[in-house]
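Written out below as structure tokens is the structure these notes cover.
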Amino acid sequence: MKHLLSVLAIAILIVSCGTSNKINKTTSDKNLEEAVVIENDSLEYQIIIFDVGFSTYLNTIAQPQNFYSQSYYEIKNTFYVSEWNNRARSPLQYGDFYGSIIDYDQNVDYGIEVNYKLFSYFQFIRHKHGIRL
């Protein structure tokens with residue numbers, strides 16, 4: 001099962017994987033920023049976020065992962081993804097910043113790591129670009 005999420009020069013990738021739950025960091029050739037990678041073996045999902053400054057944001061500004069509950073992240077992500085997708089479908093009104101829609105199913109338990117990183121990404125967009133969803 002593959003889901004591609006791309007936003008301008010920002011890539012969030014959820015794809016099948018066959019490894020255990022872990023967090024890795026890899027270097028992006030595109031911008032030399034370390035990508036944040038989360039793998040979830042039980043769901044066979046992987047999320048990769050490339051965006052200049054996102055890794056630094058996670059390490060310096062973002063709240064720690066367990067600051068909120070998984071259900072809090074899920075509720076917020078459902079709202080944020082819905083608004084993001086509405087804007088991505090209306091580029092004449094909102095511009096090309098939003099790129100593609102995000103395939104996030106609120107009925108799937110992605111786990112706290114994936115939900116935390118997605119939530120943090122939306123917070124990063126707000127912090128970096130002043131965009132409120």
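Neighbouring Cβ atoms within 10 Å as the yardstick, rank 81, 114, 37 fewest first.
Final ranking by Cβ density, sparse to dense: 37, 81, 114.
To make sure I understand, if each residue's beta carbon is the centre and we count other beta carbons within 10 Å, what order do 55, 69 fall in, fewest to most?
69, 55
Applying the criteria of a DSSP loop state and at most 16 other Cβ atoms within 10 Å to the chymotrypsin sites (Phe, Trp or Tyr not before Pro) of the stretch 80-133 yields 97.
Working note: Karplus 6.51/-1.76/1.60 with θ = phi - 60° gives the stretch 117-123 the couplings 5, 5, 4, 5, 4, 5, 5 Hz, where Gly and Pro are set to x.
Every number in this text was worked out from the coordinates using simple rules, so none of it is lab data. As the structure is a prediction and not an experimental result, all values here were calculated from the model. Positions of Cβ are generated from backbone atoms using ideal geometry, with glycine treated the same way; all protein chains shown enter the neighbour counts.
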